[in-house]
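Reading through the structure tokens given below for one structure.
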Amino acid sequence: MNPEISIKELINSFDLDQKFKNIASKVIDNKRINIKEGVLLFEKGDLGFLGVLANYVREKKHGLKVFFNRNIHIEPTNICIYNCKFCSYARKIGDSEGTWEYSKEEIINKVKEYDGIPITEIHLVGGVHPHRDLHYYGDIIKSIKEIRPNIHIKAFTAIELEFMIRKAKMNLEEGLLKLKEYGLDSIPGGGAEIFDSEIRKEVCDDKATTEQWLRIHETAHNLGIPSNATILYGHIENYEHRIDHMNRLRELQDKTGMFNTYIPLKYRKENNKLGYIGEVSRLEDLKNYAVSRIFLDNIPHIKAYWPMIGKETTQLSLSFGVDDIDGTIDDSTKIYSMAGAEDQSPTLTTDKLVQLVKDCGKIPVERDTLYNPIKIYNYIK
Ligand code: V47
Ligand code: SF4
């Protein structure tokens, strides 16, 4: 069946206001929706309609494929100089409880535990330790590469990078190039939080600014280092702030084209200072994925981070624009478990991950960090 006819028929089956019909026509004709239209989708979009439109975009880009990778997360420390109100895991030097810092040897030993296991990526992210600079972490990356030369190292949020480069008294370009030399392959999406300056001031006023976050990613892209982008949603921001956030990413992506994936991170409320506001519903999560897929026409992938939202919402998200589920096989990350994530000890074998995708009628694809396929699974159950 011609996919354009079927999507038009599907859209016509909704009783839609003209404004939504115009948005759907734009999306079907490969035209970009504007800020006002993005906000309208959030405010008044029917969830079924959003799902159909987001799924159309998703299938046009990736068919029924759902990407995952085999990675491990290592968090070198939870010591952090900053005071983000949503953070449940950061501690200060000298705090009597719940503080950790792994030595270089401990990190290397963790990597060695995966000898012979076909992981393709190490995701290395932690707190901003006041005494550690770029060379300290660069040396760790170099040592990991010595024992696993082909592993992809995706490391350090823009917040960590801003501090460790400044501490090493380098400018951004020098610092990022040096890290690349040590073995850094790409940058994860964390630290973006919310770009609106007023809301950012309310939730994380002492760390790198929006402008710094964007500059770090732009500089990395210009040096050939790809990256991801996140948003922290479901706290005190409103829909305009979410669209503003995505719009800034869309504009940067127009310039560089080096963002691989957009990862909406749902705010979790346990053990942090914003807990009194509670959490948004699953419906809101699905709406957020769908609008993200529709609005961010130039970012190839939308990722649902399953340890954070749980396996069921992850499965539902696959019909609301998501095509990537990260796929951590052994996730020792504490940033979410301490904030009350669904999955308190997130590990999924590849078999279970593959089944989770097949159960949704989709095709699991194991990928490397840069989305080159490693194995395409048969989608028959
Ligand atoms: O920037 C902190 C978030 C992020 C909470 O690039 C919280 O592939 C929810 O960016 N509730 C760091 N979120 C993690 C991150 C990430 C994760 C998975 C994959 C990738 C990738 C990147 O975690 C922080 C912050 O936005 N976070 N506290 C909380 N209470
Ligand atoms: Fe530090 Fe990151 Fe926690 Fe903020 S979110 S306090 S930067 S560890």
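Restricting attention to segment 60-376, close to 15% of DSSP beta bridges with both partner residues there are antiparallel. Applying a 4.7 Å cutoff between beta carbons, the unpaired cysteines of the chain are Cys80, Cys360. What is the list of residues in segment 27-48 whose amide nitrogen lies under 19 Å from a point 7 angstrom out from the Cα of Glu9, following Cα to Cβ? 28-29, by backbone N distance to the label point. Would segment 1-125 count as rounded, prolate or oblate if I go by the C-alpha gyration tensor, calling it rounded below 1.5 in a/c and otherwise prolate when a/b exceeds b/c, oblate otherwise? Judged from the Cα gyration tensor, segment 1-125 comes out oblate (a/c at least 1.5, b/c at or above a/b). So if we plug the beta-carbon distance of Arg148 and Arg215 into 1/(1 + (r/R0)^6) with R0 = 30 Å, what FRET efficiency do we get, rounded to 0.05? For Arg148 and Arg215, the calculated efficiency is 0.45.
Determine the alpha carbon to alpha carbon distance for each of Lys85/Lys169; Lys61/Lys362; Lys266/Lys303 and list only those over 18 Å. Kindly include the intermediate steps, with their values, before the conclusion.
On the way: Lys85/Lys169 28 Å; Lys61/Lys362 14 Å; Lys266/Lys303 12 Å.
Over 18 Å Cα-Cα: Lys85/Lys169.
Applying the criteria of a DSSP loop state and at most 12 other Cβ atoms within 10 Å to the GluC sites (Glu not before Pro) of segment 60-165 yields Glu97, Glu113.
Amide hydrogen proximity for Cys87: with H placed 1.01 Å from N in the peptide plane, the residues at 5 or more positions away or on another chain lying under 5 Å are Lys273.
Inter-label distance, Glu251 to Tyr136: 3.6 nm, where each label sits 7 Å from its Cα along the C-beta direction. Rolling a 1.4 Å probe over the protein heavy atoms leaves Thr369 with an accessible area of roughly 10 Å². Distance between the 7 Å Cα→Cβ label points at Asp115 and Asn298: 4.7 nm. One chain, two ends: Lys26 and Leu283. Fully extended at 0.36 nm per residue, the span grows by 90.1 nm beyond their Cα-Cα distance. Reducing segment 232-253 and segment 26-84 to their Cα centroids gives an inter-centroid distance of 11 Å. Summed over qualifying helices (DSSP H, 4 residues or more, each -39500 (n - 2.57)) and divided by its residue number, the chain shows a 222 nm mean residue ellipticity of -13000 deg cm²/dmol.
Taking the Cα-to-Cβ direction at Ile35 and at Thr349 and moving 7 Å from each Cα, how far apart do the two end points lie in nm? Between Ile35 and Thr349, the simple spin-label model gives 5.1 nm. Working note: Cα gyration tensor of segment 183-317, eigenvalues times five, square-rooted, sorted largest first, giving semi-axes of 23, 18, 14 Å.
So, with a 1.4 angstrom probe, what is the percent of accessible area on the chain that is carbon and sulfur?
The value for the chain is 49 percent carbon and sulfur by accessible area.
Students sometimes get this wrong: rank Lys61, Lys303 by accessible area, probe 1.4 Å, all chains present, largest first.
Numbers: Lys61 80, Lys303 5 Å².
From most exposed to least exposed: Lys61, Lys303.
Inter-part distance, segment 165-228 to segment 282-325, computed on C-alpha centroids, equals 24 Å.
Return the loop-located chymotrypsin sites (Phe, Trp or Tyr not before Pro) in segment 24-110 (DSSP other than H, G, I, E, B) with at most 15 other Cβ atoms within 10 Å of their own Cβ; answer none if there are none. Could the numbers behind the result be given before it?
Working: sites: Phe42, Phe49, Tyr56, Phe67, Phe68, Tyr82, Phe86, Tyr89, Trp100, Tyr102; in loops: Tyr82, Phe86, Tyr89, Trp100, Tyr102.
In loop regions of segment 24-110 (DSSP not H, G, I, E or B), the sparsely surrounded chymotrypsin sites (Phe, Trp or Tyr not before Pro) are Trp100.
The Stokes-Einstein estimate for the chain, based on a Kirkwood radius over Cα pairs and taken at 25 °C with 0.890 mPa s viscosity, is a diffusion coefficient of 115 µm²/s.
Hey, if we sort Arg32, Arg367 by accessible area with the 1.4 Å probe, largest down, what's the order?
Values: Arg32 85, Arg367 5 Å².
If we order Arg32, Arg367 from most to least accessible, we get Arg32, Arg367.
The values are calculated or read from the model by the stated rules, or taken from the named source; none is laboratory data. Since the model is a prediction, treat every value here as computed from it, not as a measurement. Backbone-built Cβ (ideal geometry, glycine too); neighbour counts: all protein chains shown. All accessible areas refer to the heavy atoms of the entire protein, side chains included, with ligands and DNA or RNA removed. Shrake-Rupley method; radii C 1.70, N 1.55, O 1.52, S 1.80 Å.
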